[in-house]
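Inspection log for the structure reproduced underneath, given as structure tokens.
The values are calculated or read from the model by the stated rules, or taken from the named source; none is laboratory data. Computed from a prediction, not measured in an experiment: that's the story for all the values here. Every residue, glycine among them, receives a Cβ derived from its backbone with ideal geometry; neighbour counts consider all protein chains shown. Areas reflect the complete protein model, heavy atoms only, side chains present, ligands, DNA and RNA absent. Shrake-Rupley method; radii C 1.70, N 1.55, O 1.52, S 1.80 Å.
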Amino acid sequence: MTRISLTKTFPNIYHQLKSLNDEVDKSALSAGIDEGLCHLLKLRISQINGCAYCVRLHTRDALQCNESIDKIALLAAWQETAYFTDKERAALLLVESITTIQHDHIPDPVYQQAAELWDEPQIAAIEWLAIMMNTLNRLGIASRYLVAP
């Protein structure tokens, strides 16, 4: 079954969303968050949400930012490896908490850990990055963007 293309049906909404995404990316970089880490965070969110289109996109983007193939391959099991710094771990935990948010909100210890390692603009940028990536994942999944070899 073919899905309605949300980007084509209401292109103005999509263009505004794309502009907002660009602003979120700029904010993360201006806050001092490494571009490679931004793509790793987006990749992890997309893995959790099961958005194949975004998983492929951010895997390629992370590789272009010189993230190692080992780090990318182990991202789904980041807590079990020594590949990630304490700051990266805190950011990953925060975006995972935002992505899996339901009725229990973001646990205080998760936020506290991030606050100990990142400054306020960086935390805000990481949170916006997670919010935006979750939005884009839902767009891709709802539209059933196919990923062919």
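The angle separating the long axis of helix 35-49 from the principal Cα axis of greatest extent in the chain is about 60 degrees.
The label-point distance for residue 101 and residue 3, in a model that sets each label 7 Å from Cα toward Cβ, rounds to 2.2 nm. Measure off, as a whole percent, the carbon and sulfur share of the 1.4 Å-probe accessible area of region 53-149, all protein chains present. Ligands and nucleic acids excluded, carbon and sulfur reach 55 percent. Local charge for residue 136 was computed over the other residues whose Cβ lies under 11 Å away, with Lys and Arg +1 and Asp and Glu -1, and equals +3. If the reach is capped at under 17 angstrom between alpha carbons, list the lysines near residue 42, excluding any in the same chain fewer than eight residues apart. By straight Cα distance, residue 42 reaches 18, 26, 71, 87. In a GNM of the chain with a 10 Å cut-off on Cα contacts, which of 110, 95, 55 has the highest mean-square fluctuation? Maximum fluctuation in the GNM of the chain, among the listed residues, is at 110. Cα centroids of region 104-122 and region 1-70: 22 Å apart. Against the chain, whose longest principal axis is taken from its Cα atoms, helix 11-30 shows a tilt of about 20°. Charge tally around residue 116: other residues with Cβ under 11 Å, Lys/Arg +1 each, Asp/Glu -1 each, net -1. For region 89-113, backbone nitrogen atoms closer than 13 Å to the point 7 Å from residue 131 Cα along Cα-to-C-beta are found at 98-99.
Only helices enter this figure: runs of n ≥ 4 DSSP H residues, each worth -39500 (n - 2.57), summed and divided by the residues of the chain, yield -22000 deg cm²/dmol at 222 nm to the nearest 500. Rolling a 1.4 Å probe over the protein heavy atoms gives region 1-145 an accessible area of 58 Å² per residue.
3J(HN,Hα) along region 142-149: 4, 7, 6, 4, 7, 10, 9, x Hz, from the Karplus curve 6.51 cos²θ - 1.76 cosθ + 1.60 with θ = phi - 60°, whole Hz, x for Gly and Pro.
Quick check: the angle from helix 86-99's long axis to the longest principal axis of the chain, C-alpha only, nearest 10 degrees? Roughly 40 degrees between the two axes.
Highest mean packing comes first when the peptides 38-46, 4-12 are listed by Cβ atoms within 10 Å, giving 38-46, 4-12.
Multiplying the residue separation of residue 71 and residue 108 by 0.36 nm and subtracting their alpha-carbon distance yields 10.6 nm. Available extension along the chain between residue 26 and residue 64 is 11.9 nm, counting 0.36 nm per residue and deducting the alpha carbon span.
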